[in-house]
Each structure stands twice: as structure tokens, then as C-alpha cells.
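Laboratory data are not the source of any read-out in this text; all were calculated from the coordinates shown. A quick note: this is a predicted structure, and the numbers were derived from the prediction, not measured. All Cβ positions, glycine included, derive from the backbone under ideal geometry; neighbour counts span all protein chains shown.
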Amino acid sequence: MDKNLSSAGEKKTNCAEQSKCFQLLESILDGENIPDGDKILKEKLEKCEPCYRHFHLEMAIKELLKTKCCHQITPQDLLDNIRKKVQEIK
Amino acid sequence: MPIGLIAEICDFQFKVQNKVKALTFFKKISDKLTHSLLLILMSEVQRKKYSDKEKNHIFDREFMPHIDSMYNFAYRLTFDEDDAKDLVQDTYLKAYRFINSFEQGTNAKAWLFRILKNSFINDYRKKSKQPAKVDYQEVETYYNSDDVDYSSTTDLRVDAVKDMLGDEISNALNSLAVDFRTVIILCDLEGFTYEEMAKILDIPIGTVRSRLHRARNLLKDKLRSYAQTMGYDTDEEE
């Protein structure tokens, strides 16, 4: 029995080209236009456990970053200063 | 060899050398002339590109709507409210001064981010209250090897990440060296494409991809240690 197969007998438990695969998965996650991206993603997620876990973890982190790190409110005095200084240049 | 012949050869060599010198001189002059002509032509084109009304329209409709993103970026680069304000203000004033170099219909947000990033490198990085702790080249060389230990990062669980509070993810992001922090901000917070990031950062797309990948591995390392201190099970999934 191949040690590289999980108990379910279908997913690889090791990814031979982890760095390359993970970068490709991240590119797909980032919405980059990868030829056959959907097909590659489906296949990787179905057949490779490390790829599956990496993709879902990255997706969760990306979502967390987007929802928790984007809410700086620009100080009003900065807005006022920019308007004032631009008027001066004009 | 007769003396007359030697003299002739010397004379010939002298003429050849002078010709080469003269040619080099002319080439230099013509290059400079072409360059200055180009600059004059460019500024001529720039001067006449937009009317004042158009400038104001572009500034208000295309530049100002990105101010929250710009301030967030500046704050995460400088970690200081006053520095962030100065950086954003400088960026917007530069954007107005050089508005004629902006092509309407192109990506204003990417254009502004590029100015801000350049201003940060040129003006703020040196005097920043929290300078980059690690020299970028050093970091890139270190992490450019392919033997990154993934086993230490893959056991962070999705559940643990989903339960994290804003502070943890924000602190983890802020703890990264500035070049790694930057690619995550541009990609995950601001949604720039790799091509846009390459232009903003003046690096090839391949470098964007690998830098982002390495930045994410570093971020996961941080999150993993937070998850452990929070008491989350970071072992293998059940």
C-alpha cells in the first residue's frame, strides 16, 4: 500500500512539489488568470491533502486580513490639510 | 624598420584615436541632445494635457476616493499617526503636481500607491521611528531558498484562524519586515493584481509571486504562535 495515500485511500498525504503547488494555489486564490485554473484547483483539492489544507487555510487568512485590517479611518485634519494645500498650489 | 615608416604609423594611430574620440564626443552630445529634447517634448505635452477643471475633476473623483486605503497603507508602513498623515499628504500633493503624468482611464489607485511607496522609501524609511529591522536583500536571500519548513506552518488550523480577533492578525501583519508586509497589504487588503503590484513595487511578477508566498509563510508562523498562546489545538486535524 502506498504510504503517500491517506486512510480514505484517495488523497495524497505528501505533496512532491509543495512550494510550486502552493504558489500556484495562492495565485488562483488571488484571482490571477491561470490557464485551466479551475480544473487545476479542483484536481489538487480532491487529490492532495496538503494542497487542500493549504488552500483553505490561506483562504481563511485572506478573509481575516480583509475584514480586520482595512478599517483605518482617515483623520479629518488630514483631509482638510490636503484640500487646503492643493488650493495653494492652484 | 625605417624611421619614416614608424612616423607614418604613429601619425595614423594619432588620427584614428582622435577620430574615435571625436565620434565618442559627438555621440555623447547627440545622446544628451536627444534626451533634453525628449524632456522638453514631454513637459510640453504635460503642460497642455489637462485644464484646471479637468485636474480638479480627476483629483476629486479619481484620487480622493482612495484616501482611506492610502492612509491605512501609510499607517501600516510607518506605525505612527503623524508620519502616516505626512506621507499621505505628500503623496496627494505630488499627485496633484504631476497630475499630467497620470493617464485618465488607467488605474489611479495603483498610481497613487506607487507614489506613496516611493515617498516612503525616499523620505520616511530613513527617519522612520521604527525603521525596517532587516535589510531587504538579506531577507530575500534568506527566504529565497526553497527549503522553507512547511511542516511548522501547515498545522495551523482554519478554525483557529477564524476565531482570531482583529488585534492578533493585525499585530502579526505589523510584525513582518516591511517588504513582506507591503505585498500582503497590496494583495490581500487592497486586492491589487500581481501585475499592478509589480508596477507599484518595480519588481518582476515572478518576484511578486514568490515574495507573497514567503510573506504568507511568515505570517502563518506568527498566527500559529498566537494560536498556541490562545490555547488552540494546533496539532493535526482530527
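Averaging over every viewing direction, what projected area does the convex hull of the Cα atoms of the stretch A:51-90 cover, in nm²?
The number I arrive at for the stretch A:51-90 is 4.4 nm².
Ranked by how many other Cβ atoms sit within 10 Å of their own Cβ, fewest first, the residues B:Leu223, A:Leu45 fall in the order A:Leu45, B:Leu223.
Between amide H atoms placed 1.01 Å from N, distances below 5 Å from B:Arg157 occur with no residue 5 or more places distant or on a separate chain. Residues of the stretch B:185-205 with amide nitrogen under 14 Å from the 7 Å Cα-to-Cβ point of B:Asp68? From the stretch B:185-205, the list is B:190.
Label-to-label distance for B:Ser51 and B:Asp167 is 5.5 nm, based on points extended 7 Å past Cα in the beta-carbon direction. Over the C-alpha trace of chain A, radius of gyration and Dmax come out as 22.1, 77 angstrom.
Listed by Cβ neighbour count within 10 Å, with the fewest neighbours leading, B:Tyr92, B:Tyr124 appear as B:Tyr124, B:Tyr92.
Put simply, the amide H of A:Cys48, placed in the peptide plane, has neighbours under 5 Å in A:Lys12, leaving out anything fewer than 5 places away on its chain.
How would B:Val161, A:Val86 line up from fewest to most surrounding beta-carbon atoms within 10 angstrom? Write out the running numbers ahead of the final one.
On the way: B:Val161 25, A:Val86 21.
The most exposed by this proxy come first: A:Val86, B:Val161.
Take the Kirkwood radius over Cα pairs of the stretch B:52-124, plug it into Stokes-Einstein at 20 °C and 1.002 mPa s, and you get 175 µm²/s for translational diffusion.
Which of the pairs A:Lys66/B:Lys55; A:Lys68/B:Lys53; A:Lys85/B:Lys49; A:Lys39/B:Lys222; A:Lys62/B:Lys117 have their Cα atoms more than 30 Å apart in this structure? Each step should come with its number before you reach the end.
Working: A:Lys66/B:Lys55 32 Å; A:Lys68/B:Lys53 38 Å; A:Lys85/B:Lys49 22 Å; A:Lys39/B:Lys222 32 Å; A:Lys62/B:Lys117 22 Å.
Result: A:Lys66/B:Lys55; A:Lys68/B:Lys53; A:Lys39/B:Lys222 exceed 30 Å.
Cys residues of chain A that find no other Cys beta carbon under 4.7 Å: A:Cys15, A:Cys21, A:Cys69, A:Cys70.
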